[in-house]
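The values are calculated or read from the model by the stated rules, or taken from the named source; none is laboratory data. Computed from a predicted model, the values in this text were never measured in an experiment. Because the Cβ atoms are built from the backbone with ideal geometry, glycine has one as well, and the counts that use them run over all protein chains shown. Each accessible area value is taken on the protein alone, full model and side chains, heavy atoms only, with ligands, DNA and RNA left out. Shrake-Rupley method; radii C 1.70, N 1.55, O 1.52, S 1.80 Å.
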Amino acid sequence: QVQLVESGGGLVQAGGSLRLSCAASGSIFSINTMAWYRRAPGKQRELVATITRGGSTNYADSVKGRFTISRDNAKNTVWLQMNSLKPEDTGVYYCKVRDAVGGDYWGQGTQVTVSS
C-alpha cells in the first residue's frame, strides 16, 4: 500500500505565492519521476512540472519562470513552489510518482484558488 499525502494548497491573491508538498510512504519501490498535475474547473488535467530522480526538471510553458519543482529522494518528498500566481492557476493540484517498475501513484489533490 502506497500513500501520497499532499499539503499546502489554499486561497491566495494574484501575485502571491504558495508551496505545495507531497510525501510518499508505504510499500513503494524506488521512486523515479515525481510530478505535479492540475485540473482547472471545466478543464482536463494537465501536467505542470516533472522532476527525475537525478534532478532534471520540465515545466509546462504556462508556469515556466514562476513555478519551481524540487524533491528530496531520502524523504520521498516533492515540492512545488508557486510564485506570481495568476487566477488561471486555480485548480486542484495532484502529485504523481512513478516507481522503478513503472507503477504510478497519485495523491488525493489539494485545492489552489487564486483570486483576482
Item to check | Filter result (closer than 17 Å to residue 39 by Cβ, in a strand (DSSP E or B) and touching a residue at least 40 places away in the same chain (Cβ under 8 Å)) within the stretch 58-85 | outcome: 80, 82
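Confirm whether residue 12 is at pLDDT 95 or above, open to solvent by less than 30 Å² (accessible area, probe 1.4 Å), in contact with a helix residue (DSSP H, G or I) (Cβ under 7 Å, 6 or more places away or on another chain) and of a type outside the set (D, E, K, R).
Working: at pLDDT 95 or above: yes; open to solvent by less than 30 Å² (accessible area, probe 1.4 Å): yes; in contact with a helix residue (DSSP H, G or I) (Cβ under 7 Å, 6 or more places away or on another chain): no; of a type outside the set (D, E, K, R): yes.
So residue 12 fails the test.
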Checklist entry - Yes or no: residue 98 open to solvent by 20 Å² or more (accessible area, probe 1.4 Å) and touching an Asp or Glu at 6+ places or on another chain (Cβ under 6 Å)? => result yes
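Looking at 55, 102, which is the one that is at pLDDT 95 or above, outside any strand (DSSP E or B) and under 22 Å from residue 25 (Cα atoms)?
Unique residue meeting the criteria: 55.
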Checklist entry - For residue 92, all conditions in the list (1) among the aliphatic types (A, V, I, L, M); (2) modelled with pLDDT of 95 or more; (3) over 19 Å from residue 15 (Cα atoms) hold save one; what is the number of the exception? => result (3)
Checklist entry - residue 88 fails exactly one of the following numbered conditions: (1) touching a residue at least 40 places away in the same chain (Cβ under 8 Å); (2) open to solvent by 60 Å² or more (accessible area, probe 1.4 Å); (3) over 17 Å from residue 5 (Cβ atoms); (4) in contact with a Phe, Trp or Tyr (Cβ under 7 Å, 6 or more places away or on another chain). What is the number of that condition? => result (4)
Checklist outcome for this item: Going through (1) surrounded by fewer than 16 Cβ atoms within 10 Å (Cβ to Cβ); (2) in contact with a helix residue (DSSP H, G or I) (Cβ under 9 Å, 6 or more places away or on another chain); (3) not hydroxyl-bearing (Ser, Thr, Tyr) one by one, residue 23 fails only at (1)
